[in-house]
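Taking it in order: structure first as structure tokens, then the write-up.
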Amino acid sequence: MEPALISPAHFSVLGIPTVIFSVLIPVAGVALFAYIMAKRVAPLVFSTPDFRFDRIPERLVAVAKLWLGQWKQPRYLLAGVIHIMLFAGFLILSIRSSSLVIIGIHDGFVFPGLGGAPGHVYNFVKDYAATIVFVAALMAAYRRVVVKPKRYDVPERYGKPHTAEALFVLGMICGLIITESLFEGTLAAAAVQKGMAAEFIAPLTMAWLFKVTLTALPVGALQAAHVAAYYIHDLIFFSFLCFLPMGKHFHVITSIFNVFFMKLDKGTVKPVKWGVSDDKLDELESFGVKTFEDFTWKHMLDFYSCADCGRCSDQCPANAVGRPLSPRFISIKARDYAFSHYPLNGRLKESEPLIGGIYEADEIWSCTTCGACEEECPIMIEYIDKMVDLRRGMVDAGNVPQSLQKPLSALEKRGNPWGKMEKKRAEWAVKDKEFKACCPVKLLENGETAETLFFVDSISSYDDRIIQITQSAARLLNSAGIDFGVLGKLEKDSGHEARRFGEEMLFQNLKNENTEAILASGAKRIVTTDPHAYNALKKDYKGLPPVFHISELIAEAVRSGKVRLNGNGDAGKVYTYHDPCYLGRHNNLYDIPRDVLDAIPGMNRVEMEKSRDRSFCCGGGGLMLFYEPVEEQRMGQLRVEMAKAAGANVIVTACPFCMVNMEDAIKTSGLEGQMEAIDLVELIDRHRAA
């Protein structure tokens, strides 16, 4: 049967078969794409190792959920829905675009399984998908040009906005949709004119619109439009493919791999070098990242995968208070470096130091490792490990901020950043006679034994205000009938912040001493009030008994009735819970502290806008209490404003560092007498029934 129109596989122009172009365009396009990709892969060849081929089932589930299911996109609702429309439509249309390439050579080609009824169903879905993608592209362009979300802004020091690139890509997407729809619509229109059976086209789609509006055109015009649409589509398709690795749209190719190779264990820090055990670290000639090639191949893949959506920086507390850090540009600047030093043409450029080059020291020290950026990223780009590695490189080179030198030196000499005597670590338990009389604490340093080890850590042992929290914790453990003790002078700082500030060898020493003392104590489990110590003991140490945060034991004691609560003295108080970064985002403990709070009779609790996995860092984690950053406003002050906006007058937290910063922020914000901060442990101790 004669076709309604001659297909590109059989058409000729001036006696020249167009099938020649059907072959040349894909061959040239694939060859150029392969060349570009080979150049882009070059930096990864020179990178350091990274072990990401474990736990394959978990990784496949992550791909299904985070990449295919676009799980994180709706966290920014409108932008997320638009992206899902584009993504889903592209997956559907990729089959059609691929088959079109072959149709230009082999007329009537269909992929196996798409013949007959399945093919009709696919074409029906495909036509609507194409129309949806077209509408979504127009919406995305409108947002870029008219709405201009602030998170898309590019500060002058970072270069020019990427709006032009985004609009160019959206234009190519629209071009693909229009030409594919025109190719299909002209064929259907010609079939109608000739009274032939035409492929059913879904109503109100773009292809249907072309069919309806072009039916009156002469067959010759339809034939010309049909062939022109095909080759324009072919040219756009392969141009688009080759353009993707040239900028931020590289994520279209790399995102699936980036999600597959994502970091699976939150709260952990990558080893100094994969394949080198802790006891061999002193044999390494260099620590951390100093040049681009010191990054692992996965971290380079991160740079390529950044979609420049700005979600990370929009949630970053350091960026919010004006510190010289924007996670988004950590990736973008590194990607630009890779493009310039591994060019498509010419020789590779000599490697250069990153600090003082594309990064500034203050930029890297500004990170609190809160994890807000990583939590937000829809394609699982990692930042904390990069920051830690860059800090390791700076520490190795002797480039440490003045304000951090003293606490780091004190950690090395005395096992705590204040430089206080080891023998005073347990004074909170023995010096206060009234406390000692009502709540005796076993000192395991004296040879006593206990089922539960209370790991106090430095700030909770030495800071006068935080000692009150420590004593409340001890009273609660005692009330719950828990047999517990402390290491006393045998305990050292957990080293959590030392490690995340790049002092790996110092951390290893602290870890080894603590591990030896903990195992020698014979304790069957460990509890701590400090989320940083909790995270270190649980994620950074190996071979220890089970580790719990105090809120977990309190929750169990309240459920079992061992600790009973009353609601006295809460008239007029409205509470809000501030999620500590290393309890919430890094360890997923969100509900247990809230359950404990809500167990208090008459509790009036509200949620801040930024809560749970979007909680806003207080800015005081570990050594950040000593670091003096350049900033426009303190993070704690901004957090107090959020609590006030929620209608709360009491901020409850479960971290000693958060407590220090919240109380300081209340004072510096002039809100003393209007707001107060209290630790969860103190609040439960206050409401503990006699």
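The values are calculated or read from the model by the stated rules, or taken from the named source; none is laboratory data. Here the structure is a predicted model, which is why all the values come from computation and not from measurement. No Cβ is skipped: glycine too gets one built from the backbone with ideal geometry, and neighbour counts run over all protein chains shown. Surface accessibility is based on the protein's heavy atoms, side chains included, excluding ligands, DNA and RNA. Shrake-Rupley method; radii C 1.70, N 1.55, O 1.52, S 1.80 Å.
When the chain is described by a simple charge dipole with +1 on each Lys and Arg Cβ and -1 on each Asp and Glu Cβ, the residue from P118, A648, N587 located farthest towards its positive end is P118.
Computed about the Cα centre, the dipole magnitude for segment 507-608 is approximately 200 debye when only Lys and Arg (+1) and Asp and Glu (-1) carry charge, each at its Cβ. Span-like helix criteria (full DSSP H runs; alpha carbon extent of at least 30 Å along the helix axis; mean Kyte-Doolittle hydropathy of at least 0.5) are satisfied in the chain by 19-45, 77-103, 116-142, 163-193, 219-243. Between N514, N416, G398, the Cα set farthest toward the positive side of the dipole of segment 367-517 (charges on each charged residue's Cβ, about the Cα centre) is that of N416.
Apolar share of the accessible surface for the chain: 60 percent from carbon plus sulfur atoms, 1.4 Å probe. Each principal axis of the Cα atoms in segment 386-488 has its own extent, and those three values, largest first, are 50, 25, 25 angstrom. Between N566 and E2, the simple label model (points 7 Å from Cα in the Cβ direction) yields a spacing of 10.0 nm. For segment 408-517, relative contact order (Cα pairs under 8 Å, six or more residues apart, normalised by length) works out to 29 percent. DSSP assigns beta bridges within the chain; of those with both partners inside it, close to 15 percent run antiparallel.
Compute the Cα gyration tensor for segment 461-576, then decide on rounded, prolate or oblate, letting a ≥ b ≥ c be the square roots of its eigenvalues: rounded whenever a/c is under 1.5, prolate when a/b is larger than b/c in the other cases, and oblate in all that remain. List each step's numbers first, then the result.
Values: a/c = 2.30, a/b = 1.68, b/c = 1.37.
Prolate is the answer for segment 461-576, as a/c is 1.5 or above and a/b outweighs b/c.
Taking all protein chains as they are arranged and a probe of 1.4 Å, the heavy atoms of F111 leave approximately 60 Å² accessible to solvent. The magnitude of the dipole of the chain, with charges of +1 and -1 set on the Cβ of Lys/Arg and Asp/Glu and taken from the Cα centre, is near 660 debye.
If r is the Cβ-Cβ distance from K420 to E285 and R0 is 30 Å, what FRET efficiency results, to the nearest 0.05? With a Förster radius of 30 Å, E is 0.25. Based on the Stokes-Einstein relation at 37 °C and a viscosity of 0.692 mPa s, and on the Kirkwood radius from alpha carbon pairs, the chain is assigned a translational diffusion coefficient of 115 µm²/s.
What value, in deg cm²/dmol to 500, does the helix sum -39500 (n - 2.57) over DSSP H runs of n ≥ 4 give at 222 nm once divided by the residues of the chain? Don't jump to the answer; show the numbers that get you there.
Numbers: 28 runs with 341 residues, N = 690.
After summing the helix terms and dividing by residue count, I get -15500 deg cm²/dmol.
Just order 318-331, 212-225 by mean Cβ neighbour count inside 10 Å, highest at the front, would you?
Values: 318-331: 23.1, 212-225: 15.3.
Highest to lowest by the protection proxy: 318-331, 212-225.
Quick check: residue separation of K160 and D362 times 0.36 nm, minus the Cα distance between them. What number comes out in nm?
Working: separation 202, 0.36 × 202 = 72.72 nm, distance 2.26 nm.
Value of the extension gain: 70.5 nm.
Calculated accessible area for the chain comes out at 42 Å² per residue, all protein chains present (probe 1.4 Å; ligands, DNA, RNA ignored).
Can you give the FRET efficiency for S99 and N588, using 1/(1 + (r/R0)^6), R0 = 60 Å, r = Cβ-Cβ distance, to the nearest 0.05? That pair, S99 with N588, gives E of 0.85.
Apply the a/c threshold of 1.5 to the C-alpha gyration tensor of segment 1-91 and tell me whether it is rounded, prolate or oblate. Verdict is oblate for segment 1-91.
For segment 591-672, the dipole from Cβ point charges (+1 on Lys and Arg, -1 on Asp and Glu) about the Cα centre works out to 120 debye, to the nearest 20.
Determine the gain in length on full extension of the stretch L78-L204; use 0.36 nm per residue of separation and subtract their C-alpha separation, reporting nm with one decimal. Present the calculation step by step, with values, prior to reporting the outcome.
On the way: separation 126, 0.36 × 126 = 45.36 nm, distance 2.38 nm.
Roughly 43.0 nm would be gained on extension.
Taking a Cβ cut-off of under 13 Å around M635, the surrounding Lys, Arg, Asp and Glu residues balance to a net charge of 0, with basic ones at +1 and acidic ones at -1.
Once the piece of chain linking E412 and V630 is laid out straight, how much longer is it, given 0.36 nm per residue of separation minus the C-alpha distance between them?
Values: separation 218, 0.36 × 218 = 78.48 nm, distance 2.67 nm.
Between E412 and V630, full extension yields 75.8 nm more.
Would you mind pulling out the separation of the Cα centroids of segment 581-653 and segment 366-437, in Å? With segment 581-653 and segment 366-437 each reduced to a Cα centre, they are spaced 19 Å. Given a 1.4 Å probe and the protein chains as shown, W297 ends up with an accessible area of around 50 Å².
How compact is segment 230-356 by the rule of thumb for globular proteins, expressed as Cα Rg over 2.2 N^0.38 Å? Write down the numbers at each step before the final one.
Values: Rg = 17.9 Å, N = 127, 2.2 N^0.38 = 13.9 Å.
The value comes to 1.29.
A Förster distance of 60 Å, applied to the separation of the beta-carbon atoms of K667 and L235, puts the FRET efficiency at 0.40.
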